[in-house]
1. Looking at (1) assigned to a loop (DSSP other than H, G, I, E, B); (2) open to solvent by less than 50 Å² (accessible area, probe 1.4 Å); (3) closer than 24 Å to A101 by Cα, find the lone condition where L8 falls short.
2. Working only within segment 79-117, note down all residues that are open to solvent by 60 Å² or more (accessible area, probe 1.4 Å) and farther than 12 Å from F152 by Cβ.
3. Taking segment 41-76 as the region of interest, how many residues are surrounded by fewer than 17 Cβ atoms within 10 Å (Cβ to Cβ), more than 21 Å from D113 (Cα to Cα) and either of a type in the set (A, V, I, L, M, F, W, C) or within 18 Å of the chain's Cα centre (by Cα) (or both)?
4. Restricting the search to segment 118-140, which residues are outside any strand (DSSP E or B), open to solvent by 50 Å² or more (accessible area, probe 1.4 Å) and not basic (K, R)?
5. Residues of segment 141-152 being within 19 Å of the chain's Cα centre (by Cα) and outside any strand (DSSP E or B), which ones?
6. What is the residue count in segment 14-31 for residues that are closer than 12 Å to Q61 by Cβ and open to solvent by 50 Å² or more (accessible area, probe 1.4 Å)?
7. Considering every residue within segment 83-95, establish whether at least one is farther than 22 Å from L4 by Cβ and out of contact with any helix residue (DSSP H, G or I) (no Cβ under 7 Å at 6 or more places or on another chain).
8. Quick one: would you say K154 is in contact with an Asp or Glu (Cβ under 8 Å, 6 or more places away or on another chain) and either in contact (Cβ under 8 Å) with a residue 40 or more places away in the chain or surrounded by fewer than 16 Cβ atoms within 10 Å (Cβ to Cβ) (or both)?
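The values are calculated or read from the model by the stated rules, or taken from the named source; none is laboratory data. As the structure is a prediction and not an experimental result, all values here were calculated from the model. Here the Cβ positions follow ideal geometry from the backbone for every residue, glycine too, while neighbour counts run over all protein chains shown. Heavy atoms of the whole protein, side chains included, go into the accessibility calculation; ligands, DNA and RNA do not. Shrake-Rupley method; radii C 1.70, N 1.55, O 1.52, S 1.80 Å.
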Amino acid sequence: MTELAEVLLDCVQGGASVSFMASLTKAEAEAFFEKVVEGVQRGERILLAAFSDSQLVGTVQIILATPPNQPHRADVAKLLVLRSARKQGVGARLMKSVDEASRQAGKTLLVLDTVTGDTAERLYTRLGWNKVGVIPNYALYPDGRWCDTTIFWKQV
């Protein structure tokens with residue numbers, strides 16, 4: 001849990017709007033990932049990880065638990081890459097793994113959201129994700145400022 005928590009903490013400390021505020025503690029980050037792992041064990045989500053020289057440098061989740069009328073769909077969440085590992089293709093490799101793991105899980109339609117204008121938005125566009133639109137003031141950055149969110153979808 002510690003390595004996963006450290007990636008989350010690094011992203012939040014770097015200003016990423018990923019559901020947490022600047023006050024996030026290591027204990028809270030570890031508790032978050034404990035719940036994620038429980039979801040993996042129940043078959044409700046897939047947790048993918050990227051390593052460099054045996055160090056965890058990134059992670060992303062595929063949320064498989066959807067309503068009964070959407071068995072073909074999954075949500076992609078929490079693409080997190082250490083700031084020191086960015087601009088090295090880690091995010092792109094994780095997202096390509098999302099496509100493959102989703103297909104293997106029988107999911108053909110993926111949905112995600114990201115901060116409008118963020119580096120991740122450009123990554124998703126490059127990887128063939130389709131932009132649905134922008135929701136203004138959807139969430140907060142860790143420092144409390146508002147941010148808009150862009151919704152994307154992709155068939156795999």
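1. Checking L8 against (1) assigned to a loop (DSSP other than H, G, I, E, B); (2) open to solvent by less than 50 Å² (accessible area, probe 1.4 Å); (3) closer than 24 Å to A101 by Cα, the one that fails is (1).
2. Taking segment 79-117 first, the residues open to solvent by 60 Å² or more (accessible area, probe 1.4 Å) are 83-84, 86-88, 93, 96, 100, 103-104, 108, 113.
Scanning segment 79-117 gives R83, S84, R86, K87, Q88, R93, K96, E100, R103, Q104, T108.
3. Qualifying residue count for the region: 2.
4. Of segment 118-140, the ones outside any strand (DSSP E or B) are 118-129.
Those left that are additionally open to solvent by 50 Å² or more (accessible area, probe 1.4 Å): 118-119, 122, 125-126.
Passing the criteria: D118, T119, T125.
5. Passing the criteria: Y141, P142.
6. Quick first cut of segment 14-31, residues closer than 12 Å to Q61 by Cβ only: 18-19.
Then drop every residue that is not open to solvent by 50 Å² or more (accessible area, probe 1.4 Å), which leaves 19.
Adding up the residues that qualify gives 1.
7. Within segment 83-95, the subset farther than 22 Å from L4 by Cβ is none.
No, that holds for no residue.
8. Working: in contact with an Asp or Glu (Cβ under 8 Å, 6 or more places away or on another chain): yes; either in contact (Cβ under 8 Å) with a residue 40 or more places away in the chain or surrounded by fewer than 16 Cβ atoms within 10 Å (Cβ to Cβ) (or both): yes.
So K154 passes the test.
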